[in-house]
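Please read the structure below before turning to the comments.
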Amino acid sequence: MEYETLTVAVKDMVATVTLNRPDVRNAFNEFTIAELSLAFSELGRHDGVRAIVLAANGPAFCAGADLNWMKKMALYSHAENAEDAEKLADMLRTIYLCPKPVVAKVQGDCYAGGMGLVAACDIAVASNGAFFCLSEVKLGLIPATISPYVIKAMGENAARRYFLTAEKFTAQEAHRIGFVHDIVAAEALDEHVASIVKALVTSSPNAVREAKVLVREVSGKAVDSALVVDTAERIANIRSSDEGREGVASFLEKRKPSWLN
C-alpha cells in the first residue's frame, strides 16, 4: 500500500515503518495518525512479519503535533477535539497492542506526542545525541493521550517531574529513568537495532507474541491465587502448543526448530 506520510518496507520478516515528513521534523497530523493506525493493523496481521521497527527520516525522530494541525484544532469545538484525540489514542493503542514486537529506533529529537509513539513500542533504542521533551504545559496543554504509555515507560516519579516542567532532557537521562532501553552512538544505531530484531525473529513467533501479552497482563497485579492459576494455565497452554512442542523437541534433538527453516 502507498502512504503519504510514511514509508513501509518488509524484508526478511522485518517490517520498517518510517515517519517520512523530515521537512516538519516528522511532526504528525491527522493523516499520519490514520496511516500509522492502518500500517500497524495490517502488519500485525501479516504472516510474513515477525517484528516491526518504527523509525524516522531526517535529523529528528518526531517533534510531536504538526503546527498546521494544531492551528485547526484551536478552532475545534469540545466534541471535535474529543473525536480528534480519540483517533490519536486509538493509534497509540494499536501500536501498543500490536501482536508483533515493535522496536523504536530514535535517531534524533523526540518531543511531546513523539514520546508517546516511542512509549507505545516494546523496545526503544536511541542515539546518544537525541533529546526528549514533554513540552505540552508550555503550550497550556497536558500530555493526556500519551500518558498511559509514557508513565508506564518512565515511571510515575519521573513523569511527575517532566510532565510538569517540560524540561528538555538527554538520551542519557531517558536511559537512566527507563524510558529507552539502550543508547548508542549514532553510527552504531542501525547495527544495534538489527541485533535486537535478529533476536526477535529467530525466536518462536507464537512465544514472542504470548510473552508480549504476558508482560502487559501480569504487570502490576498482586501475586495472589488468581494470578498463580492464570500463569500456570499460560505455561500449560504454551507447552502444549505446536511451537511449544516443536521448540522443546528441537532443543532435545539438537536441531533447529521449524520456524528457522
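Taken over region 74-104, the criterion of being more than 30 Å from Leu214 (Cα to Cα), among the acidic types (Asp, Glu) and surrounded by 12 or more Cβ atoms within 10 Å (Cβ to Cβ) is satisfied by Glu80, Asp84.
To keep it simple, each residue is scored yes or no on (1) surrounded by 14 or more Cβ atoms within 10 Å (Cβ to Cβ); (2) touching a residue at least 12 places away in the same chain (Cβ under 8 Å); (3) touching a Cys at 6+ places or on another chain (Cβ under 7 Å).
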{"position": "Thr170", "(1), (2), (3)": "yes, yes, no"}
{"position": "His175", "(1), (2), (3)": "yes, yes, no"}
{"position": "Ala207", "(1), (2), (3)": "yes, yes, no"}
{"position": "Val218", "(1), (2), (3)": "no, yes, no"}
{"position": "Ile235", "(1), (2), (3)": "no, no, no"}
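When you check Thr18 against the structure, is it outside any strand (DSSP E or B), on the phi < 0 side of the Ramachandran plot and either outside the structural domain of Ile123 (by TED's automatic domain parsing) or not aromatic (Phe, Trp, Tyr) (or both), yes or no? The answer is no for Thr18. If you filter region 5-40 down to residues that are surrounded by 16 or more Cβ atoms within 10 Å (Cβ to Cβ) and of a type in the set (Ser, Thr, Tyr), you find that the one that is nearest to Cys110 (Cα to Cα) is Thr18.
Scanning region 77-92 for residues that are without any contact (Cβ under 8 Å) to a residue 24 or more places away in the chain and within 17 Å of Thr145 (Cα to Cα) yields a total of 7.
Only a single item in (1) surrounded by fewer than 22 Cβ atoms within 10 Å (Cβ to Cβ); (2) within 30 Å of Lys198 (Cα to Cα) is not met by Val118, and it is number (1).
From the list Ile123, Ile151, Ile142, the one residue that fits, being under 25 Å from Thr7 (Cα atoms) and hydrophobic (A, V, I, L, M, F, W, C), is Ile123. At pLDDT 95 or above, in contact with an Asp or Glu (Cβ under 9 Å, 6 or more places away or on another chain), assigned to a helix (DSSP H, G or I) and not acidic (Asp, Glu), is that true of Ile95? So Ile95 fails the test.
Listed by position, the helices (runs of 4 or more DSSP H) contained in region 158-251 that have at least 1 residues being farther than 30 Å from Asp12 by Cα and not assigned by TED's automatic domain parsing to the domain that holds Phe131 are 205-218, 225-239. Being in a helix (DSSP H, G or I), under 21 Å from Val10 (Cα atoms) and basic (Lys, Arg) is the filter here; which residues of region 40-92 pass it? Passing the criteria: only Arg45.
The values are calculated or read from the model by the stated rules, or taken from the named source; none is laboratory data. It should be emphasised that the depicted structure is a prediction, and the values quoted were computed from it without experimental measurement. Cβ coordinates were reconstructed from backbone atoms using ideal geometry, including for glycine residues, and neighbour counts include every protein chain displayed.
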